[in-house]
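Chemist: One structure, as structure tokens, below. Some questions next.
The values are calculated or read from the model by the stated rules, or taken from the named source; none is laboratory data. Remember, predicted model here, so these are calculated numbers, not experimental data. Neighbour counts are summed over all protein chains in view; Cβ atoms, including those assigned to glycine, are modelled from backbone coordinates with ideal geometry.
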Amino acid sequence: MNKQMKNLMLVLVIALLLAACGGVETASAPEVIVTEEPASVPEPVAVSDPVEDIPTTVPSDGADSEQFSKYIGLNYPPSPEGLTEVFSMLIQDKEDYSLMMVLEGGNKMLWLSKITHYDTDGSAYWEVKDVLALSNLEAGLTLLPDGCFLNGVRDNEILVAGKNGTIRLAWRANTMFGKFEAIPADGITCNSDKAVNIT
């Protein structure tokens, strides 16, 4: 058997193996489903938006970012006048970090805070490490601040914003660096009983 015939047979064998295995395809981004909606929504909504429409970065609005950056480094309690707490929660397995949604007038923001100390009564005092502006996000989003999995593994630092059963934005509340980081929604699923309407 000459060399050209051997090469042809090798190509045919590889082609048959690929055909048997389903060929070579580029993996497409999996759909990511928000499996729980806030109590104000009558029932969960099926996924209807294609994954290609899911943005993977946080829209930036310099005015909002500058406006809210003044809170980074803030120690509380007490909170400054004019702020209203919408909700707060500890980040599971990161007991010295919390998320708190805060309303300033009509603007919403999310604080990533770390405990600085406890007073003699055992009350915690916090420092704001980073602020995520929520006012400039698209209308109708729901925040799921916990209960998320990345590729099937629970990740307590991940939080997402979803709409119509589809994750639209995802962040990591990175407790190692004390920062919110925009991350791709690929591979993320969430099931949370703490869903909060953003807008």
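Chemist: Go through the residues of the stretch 153-170 one by one and say whether even a single one is on the phi > 0 side of the Ramachandran plot, surrounded by fewer than 16 Cβ atoms within 10 Å (Cβ to Cβ) and free of Cβ contacts under 8 Å to residues at least 24 places away in the same chain.
Modeler: The answer is no; no qualifying residue exists.
Chemist: Residue check, SER192 against (1) modelled with pLDDT of 95 or more; (2) touching a Pro at 6+ places or on another chain (Cβ under 9 Å), all met but one. Which one?
Modeler: Among (1) modelled with pLDDT of 95 or more; (2) touching a Pro at 6+ places or on another chain (Cβ under 9 Å), the lone unmet condition for SER192 is (1).
Chemist: Considering each of ALA182, ALA173 in turn, give the residue that is over 18 Å from LEU74 (Cα atoms), part of a strand (DSSP E or B) and not acidic (Asp, Glu).
Modeler: Sole residue among the options that is over 18 Å from LEU74 (Cα atoms), part of a strand (DSSP E or B) and not acidic (Asp, Glu): ALA182.
Chemist: Can you tell me which condition MET176 does not meet? The list is (1) without any contact (Cβ under 8 Å) to a residue 40 or more places away in the chain; (2) among the aliphatic types (A, V, I, L, M); (3) buried (at least 21 other Cβ atoms within 10 Å of the Cβ), and all the others hold.
Modeler: Unmet for MET176, out of (1) without any contact (Cβ under 8 Å) to a residue 40 or more places away in the chain; (2) among the aliphatic types (A, V, I, L, M); (3) buried (at least 21 other Cβ atoms within 10 Å of the Cβ): (3).
Chemist: TRP171 versus (1) farther than 22 Å from THR199 by Cβ; (2) under 8 Å from the mean Cα position of the chain (by Cα); (3) of a type in the set (Phe, Trp, Tyr): which is the lone unmet condition?
Modeler: (1)
Chemist: Sticking with this structure for a sec: Pick from the stretch 114-135 the residues that are part of a strand (DSSP E or B) and of a type in the set (Val, Ile, Thr): which of them is nearest to PHE68 (Cα to Cα)?
Modeler: Ranking the qualifying residues of the stretch 114-135, first place goes to VAL131.
Chemist: Any residue at all in the stretch 93-105 that is of a type outside the set (Asp, Glu), at pLDDT below 90 and within 24 Å of THR175 (Cβ to Cβ)?
Modeler: The answer is yes, given that some residue of the stretch 93-105 is of a type outside the set (Asp, Glu), at pLDDT below 90 and within 24 Å of THR175 (Cβ to Cβ).
Chemist: Any residue in the stretch 119-138 that is in contact with a Lys or Arg (Cβ under 6 Å, 6 or more places away or on another chain), surrounded by fewer than 20 Cβ atoms within 10 Å (Cβ to Cβ), farther than 16 Å from GLY73 by Cβ and in contact (Cβ under 8 Å) with a residue 24 or more places away in the chain?
Modeler: yes
Chemist: Give me a count of the residues in the stretch 151-170 that are over 16 Å from MET89 (Cα atoms) and part of a strand (DSSP E or B).
Modeler: Of the residues in the stretch 151-170, 10 are over 16 Å from MET89 (Cα atoms) and part of a strand (DSSP E or B).
Chemist: Considering only the stretch 90-106, state which residues are outside any strand (DSSP E or B), closer than 17 Å to GLU157 by Cβ and either free of Cβ contacts under 8 Å to residues at least 40 places away in the same chain or not charged (D, E, K, R) (or both).
Modeler: GLN92
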